[in-house]
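Heads up, the thing below is written out as structure tokens.
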Amino acid sequence: MNAFFTRAQMLHDPLQFMRMGRIAECNDLPSRTEVLLDALASVGVSVHEPADYGLDPLLAVHAPHYLAFLHDAYTRWSAHAQAGPEVLPNVSYYLNARQEDQMRSPCRSTSIVGQAAFYLGDLACPIGPHTYTSALRSAHTALAACDSVLGGNRAAYALCRPSGHHAHSDRAAGFCYVNNAAVAAQHLRGKFSKVATLDVDIHHGDGTQQIFYRRDDVLTISMHADPTEYYPYQTGYADEIGFGEGEGYNLNLPLAHGSGNAEFLAALDQAGQAVTTFGAEVLVLSLGFDAHKQDPLSVLELDTDCFYEVGRRIQALNLPTVIVQEGGYAIDEIGGCLRAFLRGFLPASIR
């Protein structure tokens, strides 16, 4: 199995995010990638630089006016004499896309302050001087993993950072700017007629859901902590099943806070059965480690061994698989989580 990563993804170095009314240090540190790279090396997985795929594959799932905002936002923001160190919204809009809508019309305001409120969904996605470059190259990492699978390899791992599953078609949120898993799924549709996405991060994959909510060619599954009292709060409920042609092709499996390995793996089995019933030809796995009990954002009680079982059960689905890294912020734990996953996922002959 090949892995893909470029150090340009480490340039994004956010300084702050809002947590319970306080500006806090961001959890998405560049050093997360070093730990994951060490884990890959420890199990003999080679890491390759992704090609530059440009913007076209991103435009297949993201609005051009949104990507234009990401590209220019920091330069426009920093031109203001009173601007802070990063782009963050200080107003908010009620106007949002319904899940039934493909995307919103472009922001009518030409103000960077007004556009920040429109395109940034929360205070967990600050834009700094290198955010756009890192987000673009993170998506390219996912695309390179896809091309490895399209070229005949059974699986590939994309060490995506920044993460992507909270990014909507026209909005950043939750440390995410470009939806790497959605870009990957759409790219795979060039060959495969049925693509399944399975998100095992602790947070609902709301951006991935929004992008594919009206489609029946991409099955979208997310297993996550119950959002009633947890981010992203507004989505991730079991009654969200898709809309129009997509009705029946979105599955949410919310887990009670405090759930441990047994409950998580039972939900994973349910997800796996849905993938099989759908007749998926390829799988995009959004792999997060923030459900680990030591994670600073976790409300679940998974231990490291659980990720071995996640890997083993994903491998048992017997599908070509693109693994896209999402969250996981316990620096001392995520390397062990990735090693455990790969021990379960990879054939014994190449561990």
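The values are calculated or read from the model by the stated rules, or taken from the named source; none is laboratory data. Being a predicted model, the structure only gives us computed values, none of them experimental. A quick note on method: Cβ atoms are made from the backbone with ideal geometry, for glycine too, and the neighbour counts reach across all protein chains shown.
Just one of Ala280, Ala274 is small (Gly, Ala, Ser), more than 22 Å from Gly328 (Cβ to Cβ), outside any helix (DSSP H, G or I) and within 21 Å of the chain's Cα centre (by Cα); which is it?
Ala280
So, in the stretch 283-297, of the ones that are touching a strand residue (DSSP E or B) at 6+ places or on another chain (Cβ under 8 Å) and among the hydrophobic types (A, V, I, L, M, F, W, C), which residue ends up farthest from Ile331 (Cα to Cα)?
So the residue we want is Leu283.
Regarding Tyr132, is this residue farther than 19 Å from Asp13 by Cβ and in contact with a Leu (Cβ under 8 Å, 6 or more places away or on another chain)?
no
Do you know which of the residues in the stretch 42-54 that are out of contact with any His (no Cβ under 9 Å at 6 or more places or on another chain) and assigned to a loop (DSSP other than H, G, I, E, B) is surrounded by the most Cβ atoms within 10 Å (Cβ to Cβ)?
Among those that are out of contact with any His (no Cβ under 9 Å at 6 or more places or on another chain) and assigned to a loop (DSSP other than H, G, I, E, B), it is Val45.
For the condition assigned to a loop (DSSP other than H, G, I, E, B), of a type in the set (Ser, Thr, Tyr) and at pLDDT 85 or above, what is the one hit in Thr110, Thr75?
Checking each option against the conditions leaves just Thr110.
If Leu123 satisfies every condition in (1) crowded, with 19+ Cβ neighbours inside 10 Å; (2) hydrophobic (A, V, I, L, M, F, W, C); (3) touching a strand residue (DSSP E or B) at 6+ places or on another chain (Cβ under 7 Å); (4) modelled with pLDDT under 95 but one, which is the exception?
Failed condition: (1).
Of everything in the stretch 283-313, what is in a helix (DSSP H, G or I) and without any contact (Cβ under 8 Å) to a residue 60 or more places away in the chain? Give them in sequence order.
Residues of the stretch 283-313 in a helix (DSSP H, G or I): 304-313.
Of everything in the stretch 283-313, those that are in a helix (DSSP H, G or I) and without any contact (Cβ under 8 Å) to a residue 60 or more places away in the chain turn out to be Thr304, Asp305, Cys306, Phe307, Tyr308, Glu309, Gly311, Arg312, Arg313.
Asp206 - would you say it is crowded, with 24+ Cβ neighbours inside 10 Å and within 23 Å of Val282 (Cβ to Cβ)?
yes
Please pick out the residue among His224, His257 that is under 20 Å from Leu302 (Cβ atoms), in contact (Cβ under 8 Å) with a residue 12 or more places away in the chain, surrounded by fewer than 19 Cβ atoms within 10 Å (Cβ to Cβ) and not aromatic (Phe, Trp, Tyr). Even if it seems obvious, please write down each step before you answer.
On the way: His224 fails: surrounded by fewer than 19 Cβ atoms within 10 Å (Cβ to Cβ).
His257 is the lone residue from the list that is under 20 Å from Leu302 (Cβ atoms), in contact (Cβ under 8 Å) with a residue 12 or more places away in the chain, surrounded by fewer than 19 Cβ atoms within 10 Å (Cβ to Cβ) and not aromatic (Phe, Trp, Tyr).
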